[in-house]
Structure formats: C-alpha cells, structure tokens
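**Q** What follows is a structure written as structure tokens; I'll ask about it next.
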Amino acid sequence: FQTVSGGTTTIAASLNAVGASGMVLTSVAGDLSFTDLDIFTSAGTGLFASGTTLYTGSAGFQIAVAPAVSTIIAFGGPAVSLSTVKANTLQFATISSSNSTTTGVALNSILGTFSAGAGSSISGATGTSFQVGSSNATISYAGTINASTGGKGVDLTSNTGSTISFTGALTLSSGSNPAFNATGGGTVTVTDTSSTLTTTTGTALNVANTSIGATGLKFKSITAG
C-alpha cells in the first residue's frame, strides 16, 4: 500500500454539526493519513472505521492523524469506533461523546497508538463509556469520563500486550453493571485521585489477569452497594 493523504478534512462545524455519522469507513483496506481531521456530529458516530484483517502493509487498514491537532465532537453516538484497524498514529487534541445511544469510545482488535488530550470528555453513554477489546496497542486517554446512566463505565478485555492509561477524572456510576473492568491481559493505570467508582448491585472494580502499571490504579472512593 502507498499512503493516501486525506490532507486537512473538516466535516461540518461546531455550531452546525452534521445530523448523522461524520466519517464511516466500512470493511476498507489501505493506508490513510490526515494532516488534520475535524468532525462534528449531532446524531451519530464521529469516526467509524472497520477493516477485514489486521494491517500488514499489503492487507488490512491503517489510519493516522497528525499529533494534537484533530478534534471529534459527537452527540448521540461514539466519538470514535474502530474495529480491526491499525492506528498509526491517532493522537487527537480533543474527542467528545455526549449522550451516545451505544458507546462513548470503542476500540476493538486495534494495533498502534491511540490518544486523546486533556480537553476530551465522554458522558451520558447508555452502553459502555470506554471499551477496548482484543487489542495490542498503546492507548492513553487524558479526558474525563462521566457514566451515570447505568451503562458500563470502562470495560477492558483481552488486551494482551496493550498499555492503557487514564489520566483524567473518572466518575463512573454504573448501577448493576461493572464500573471499571480490566481482564485478560495488558497493563492498565488510572492516576487522577478524584476518580470515583459507584455501583448498586454491580462490581465496582474488577482487575484480573491484567498488570497494574507503575503509576497505579488510584481512586478517591470505590462504593459497591
């Protein structure tokens, strides 16, 4: 594959968001790179991408954005949803998901590097606020996550080889669902000491067969009714 340049791409605007998903790349193959990617949606996913096989250079799908310049704002859907994709690299300045009917961020079977800056936020998702599954990637999220609708908060499963870090405040109230779940591999850290985990009948914190990184898992409080 030769790299295809997406240049500077803007979909809608902050005060005039598109009334559907922003960018949808389904079962694609190739190598796509953006100098700047800005997406604003009012009723759907900001960036959705799925491949058919892991990226090898001659098969699969790879996507990149220049560091710390791109913004994705989504209302009513995930900010980013990736499946079987190599992130090489996706380093967003800001991502935001509000009142998603599914997830806030979903990263499944991804490789490479994914990050979002301190101005990022996820709130009001009815599904899982931040979900990573079956991935081998370096993932860092510096924004806030507020889960208060009874959906899962953070769900990390089978991420052997991954390093996943949260440096912003997590306020996860998940009812009968797990608030923070990390199982099946990888290294995980949570470092904002104002973070709280609250459940009614669900497990507030579950870490199994997963390493806790040197900076630890730090919470102000953990409450499981």
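**Q** Between residue 8 and residue 54, what's the calculated FRET efficiency when r is the beta-carbon distance and R0 is 30 Å? Round to 0.05. Kindly include the intermediate steps, with their values, before the conclusion.
**A** Working: r = 28 Å, r/R0 = 0.95.
Step by step, r from the Cβ atoms, then E = 0.60.
**Q** Right, something else. If ligands, DNA and RNA are left out, what is the accessible area of residue 55 with a 1.4 Å probe, given in Å² to the nearest 10?
**A** Rounded to the nearest 10, the figure is 40 Å².
**Q** Could you please put 154, 24, 207 in sequence from largest to smallest accessible area, using a 1.4 Å probe? Please report the intermediate quantities before stating the final value.
**A** Working: 154 0, 24 85, 207 55 Å².
I get 24, 207, 154, largest accessible area first.
**Q** How much of the accessible area of the stretch 90-188, in percent, comes from carbon and sulfur atoms when a 1.4 Å probe is used? Don't skip to the answer; put the middle values down first.
**A** Values: 1320 of 2790 Å².
Carbon and sulfur together cover 47 percent of it.
**Q** Using protein chains only and a probe of 1.4 angstrom, how many square angstrom of residue 129 are accessible, to the nearest 10?
**A** 0 Å²
**Q** What order do 58, 194 take when sorted by accessible area (1.4 Å probe), most exposed first?
**A** Values: 58 90, 194 60 Å².
From most accessible down to least: 58, 194.
**Q** Quick one: if you stick a label point 7 Å off each Cα along the C-beta vector at residue 206 and residue 29, how many nm between them?
**A** 3.8 nm
**Q** Compute the relative contact order of the stretch 141-225 as a whole-number percentage, counting only Cα pairs closer than 8 Å that sit 6 or more residues apart in sequence. Please report the intermediate quantities before stating the final value.
**A** Values: 249 pairs, mean separation 24.2, N = 85.
Relative contact order of the stretch 141-225: 28 percent.
**Q** Between rounded, prolate and oblate, where does the stretch 88-183 land on the alpha carbon gyration tensor, with a ≥ b ≥ c its root eigenvalues, rounded for a/c under 1.5, else prolate if a/b exceeds b/c? Write out the running numbers ahead of the final one.
**A** Values: a/c = 1.87, a/b = 1.27, b/c = 1.47.
It is oblate, given that a/c is not under 1.5 and a/b is not larger than b/c.
**Q** Kindly list the residues of the stretch 30-54 that lie in the label zone of residue 69, defined by a backbone N under 18 Å from the point 7 Å along the Cα-to-C-beta vector.
**A** Of the residues in the stretch 30-54, 32-40 have backbone N under 18 Å from the label point off residue 69.
**Q** Looking at the calculated P(r) for the stretch 1-111, what percent of the C-alpha pair distances fall above 23 Å?
**A** Numbers: 1315 of 6105 pairs.
When all Cα pairs of the stretch 1-111 are counted, 22 percent exceed 23 Å.
**Q** If you don't mind, another one. Express in Å², to the nearest 10, the accessible area of residue 166 obtained by rolling a 1.4 Å probe over the protein heavy atoms while all chains stay in place.
**A** Looks like 0 Å² after rounding.
**Q** Determine the order of 86, 220 by accessible area, beginning with the largest, at a probe radius of 1.4 Å.
**A** On the way: 86 60, 220 150 Å².
The ordering from most to least exposed comes out as 220, 86.
**Q** In whole Å, what are the Cα extents of the stretch 84-137 along the three principal axes, biggest one first?
**A** The Cα atoms of the stretch 84-137 stretch 28, 23, 11 Å along their principal axes.
**Q** In Å, what Rg and Dmax follow from the Cα atoms of the chain?
**A** Values for the chain (Cα only, Rg and Dmax): 16.6, 54 Å.
**Q** Related question: Which whole-number percent gives the relative contact order of the chain, counting Cα pairs below 8 Å spaced six or more residues apart? Intermediate values should be presented prior to the final figure.
**A** On the way: 815 pairs, mean separation 25.1, N = 225.
Relative contact order of the chain: 11 percent.
**Q** Then there's this: Have a look at 6, 46, 165 and report the one farthest towards the positive end of the charge dipole of the chain, computed about the Cα centre with Cβ charges (Lys/Arg +1, Asp/Glu -1).
**A** 165
**Q** For the stretch 127-225, state the average projected area of the convex hull of the C-alpha atoms over all orientations, rounded to one decimal in nm². Don't skip to the end; give the middle numbers.
**A** Working: hull surface 20.8 nm².
The Cα convex hull of the stretch 127-225, projected and averaged over all directions, gives 5.2 nm².
**Q** So with the 1.4 Å probe, I'd like the accessible area per residue for the chain, rounded to whole Å². Display every interim value, and only then the final one.
**A** Working: 8670 Å² over 225 residues.
About 39 Å² of surface per residue is accessible.
**Q** Calculate the FRET efficiency for residue 176 and residue 214 from the Cβ-Cβ distance with a Förster distance of 25 Å, rounded to the nearest 0.05.
**A** Plugging the Cβ-Cβ distance into 1/(1 + (r/R0)^6) gives 0.15.
The values are calculated or read from the model by the stated rules, or taken from the named source; none is laboratory data. Just so it is clear, the model here is predicted, and its values are computed rather than measured. Positions of Cβ are generated from backbone atoms using ideal geometry, with glycine treated the same way; all protein chains shown enter the neighbour counts. Accessible surface is based on the protein model in full, side chains and every heavy atom, while ligands, DNA and RNA are left aside. Shrake-Rupley method; radii C 1.70, N 1.55, O 1.52, S 1.80 Å.
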